[in-house]
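Only one structure is covered here, and it is reproduced in the block below.
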Amino acid sequence: MTSLKVLPLLRNATAQLHKQLDASLPLAAANPSIEDYSQHLLGFKHWLSDIDRFIAGSSLPAEEFRAINANAMKLLEDDLQGMGLEVRAPASLTANPIKLDAACCLGIEYVVKGSALGSAMLYNKASRMFPVAPMSFMQDAMMHGKDRWKQFLLKLDSHHWTESELASAQEGAIWAFQRYITLHEMSLQPQ
């Protein structure tokens with residue numbers, strides 16, 4: 001089974017969650033502010049940190065995925081510090097309710113790599129709206145996002161998919177979206 005067959009399954013499984021998340025993100029506001037931009041970056045940083053902790057606790061060989069995430073987290077932290085924001089760890093979430101296997105990790109990676117492509121698309125809008133704001137993360141996503149996506153598609157193509165693995169990948173993608181939404185909602189609650 002190729003990425004041409006796997007991607008639509010992942011898209012369909014997450015379509016409603018994707019729509020819900022996109023509508024609620026700070027940069028989706030009609031006239032986003034610099035604070036919205038910083039909250040967008042902070043939310044992404046917390047989400048990637050949460051995913052990294054989850055994957056680090058497994059025995060999966062996910063070095064390339066974790067290395068790209070580590071770079072993204074560093075760029076996000078640099079941008080936030082450049083805006084004068086202190087980056088604190090997010091509130092802890094409950095235990096991860098899914099079983100992480102290679103297919104599940106590919107489902108999570110689908111959401112992460114797709115979100116990076118979304119950030120790349122936001123770069124032009126954000127750079128016009130906030131010309132003095134640091135944008136290392138979005139610039140990196142713009143410069144490398146398409147190549148990283150192509151590498152991800154090769155991973156999907158080379159994986160030997162079974163029906164249970166397709167279900168696991170869908171579960172991982174759904175979990176990744178739900179995790180982002182939960183972290184985002186937590187960040188909106190008064191401290």
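Some values worked out for this structure:
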{"item": "Condition met for Val112 (outside any helix (DSSP H, G or I), at pLDDT 90 or above and of a type in the set (Val, Ile, Thr))", "result": "no"}
{"item": "From Ala103, Ala67, residue being small (Gly, Ala, Ser), modelled with pLDDT under 90, out of contact with any strand residue (DSSP E or B) (no Cβ under 6 Å at 6 or more places or on another chain) and over 19 Å from Pro26 (Cα atoms)", "result": "Ala67"}
{"item": "Asp52 vs. criteria at pLDDT 85 or above, open to solvent by less than 80 Å² (accessible area, probe 1.4 Å), assigned to a helix (DSSP H, G or I) and closer than 17 Å to Met135 by Cα", "result": "no"}
{"item": "Test: residue in the stretch 133-143 that is free of Cβ contacts under 8 Å to residues at least 60 places away in the same chain and of a type outside the set (A, V, I, L, M, F, W, C)", "result": "yes"}
{"item": "Where a residue in the stretch 47-72 is polar (S, T, N, Q) and its partner, wherever it lies, is open to solvent by 50 Å² or more (accessible area, probe 1.4 Å), with Cβ under 9 Å and at least six apart", "result": "Ser49/Ala89"}
{"item": "Any pair with Cβ under 6 angstrom, 6 or more apart, that starts in the stretch 103-130 at a residue that is within 30 Å of Ser59 (Cβ to Cβ) and ends at one that is in a helix (DSSP H, G or I) and among the hydroxyl-bearing types (Ser, Thr, Tyr)", "result": "Ala103/Ser168; Cys104/Ser168"}
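The values are calculated or read from the model by the stated rules, or taken from the named source; none is laboratory data. Owing to the predicted nature of the structure, the values given are computational and were not obtained by experimental measurement. Using ideal geometry, Cβ is built from the backbone for each residue, glycine included, and neighbour counts are taken over all protein chains shown. Side chains included, ligands, DNA and RNA excluded: accessible areas come from the protein's heavy atoms. Shrake-Rupley method; radii C 1.70, N 1.55, O 1.52, S 1.80 Å.
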